Amino acid sequence: MDSEAADDRLVRVLDEATDILCRVVVPLYKDERGRPSHFGTGFFVRAGSSNFLVSAAHVLEHGESLYYYTEPNVTVKLTGERRLSRWDGDREHDPVDVGVLKLDQSTPPYPAVEKHAVDVSYLRSGLLPRTDKIYSIIGFPATGGKVNPRSKQIRSTVCSFRTRSIPDEDYERLGCSAKSHVILSVDLRDGVDSNGRQRNFPKPQGMSGAPIFMLLDENPTLDVRSFPIVAIGTKYRRSENALIGTDVAIAVAMINEAV
């Protein structure tokens, strides 16, 4: 099988897996003018008997003003013990920008909205080199939500963007290291929806905190273990056509501290 055919096969498998992978990803909301407004993205992780929500620190630092849906018209506030990367000042300049919330009330699974937690063993850190690996960031862009003003119910559209990392030697130019980050080269004309259909990818606002999956196996099946979560999306650099994610090692350490 030539390299082009092999890549096509990998992409097909990744497209088919998107519907499964997106079940751990959840849109986060904040009320604005009495209506739910999409604010960020997170994902559920289970460690032993504890459940966590992982996202960007600049999202989770808004605390109980944020919530997610467990049923079409039932919401849960983000209450519980939080751990955020240490930073003094504007989070836009925080090179880590990762947060973990230990859920202390309602916990997944939430069958009514098809959401569940992934086991912490699915989070894999330090998978180097980054170059020539296929990645997919799955989240909820802010422009994809539609609110019913009467019921305050909201319909969110999940999007998957698949791409490769920039070369490892280019990380330093963006002030990062391949050991601590994953930097994806983005072309917003090459997005994929949850059904695997090609579409223009919307602006990434609202994707902060989304998980970045990596295609681990060169001969993958639909076993989700072939798609470990390797990073948390935190920044979009439009001028560089780059989406920056922080390696999951920080999130795993925070979860281990909490349990």
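No value in this document is a laboratory result; all are computed from the given coordinates. Since this is a predicted model, take the numbers as computed values, not measurements. Counting neighbours? That spans all protein chains shown, and the Cβs are built from the backbone with ideal geometry, glycine included.
Distances between placed amide hydrogens fall under 5 Å for Ile134 paired with Leu215, all partners being 5 or more residues away or on another chain.
Amide H contacts for Val182 (H built 1.01 Å from N in the peptide plane; partners 5 or more residues away or on another chain; cut-off under 5 Å): Gly245, Thr246, Asp247.
Taking 0.36 nm per residue of separation and subtracting the current Cα-Cα distance, fully stretching the chain between Asp132 and Ser180 would add 15.6 nm.
Summary of the geometry: the range 81-116 and the range 12-76, compared by the centres of their Cα atoms, lie 9 Å apart. Taking label positions 7 Å along the Cα-Cβ direction at both Asp187 and Ser106, the computed distance is 4.1 nm, reported to one decimal. Cross-linked pairs Lys30/Lys102; Lys115/Lys179; Lys77/Lys115; Lys77/Lys102: Cα-Cα separations exceed 24 Å for Lys115/Lys179. A simple rule links phi to the HN-Hα coupling: the Karplus curve 6.51 cos²θ - 1.76 cosθ + 1.60 with θ = phi - 60°, which for the range 248-259 gives 5, 3, 5, 5, 4, 5, 5, 5, 4, 4, 6, 9 Hz, with x for Gly and Pro. A Förster radius of 41 Å, combined with the Cβ-Cβ distance separating Arg238 from Glu71, puts the computed FRET efficiency at roughly 0.70.
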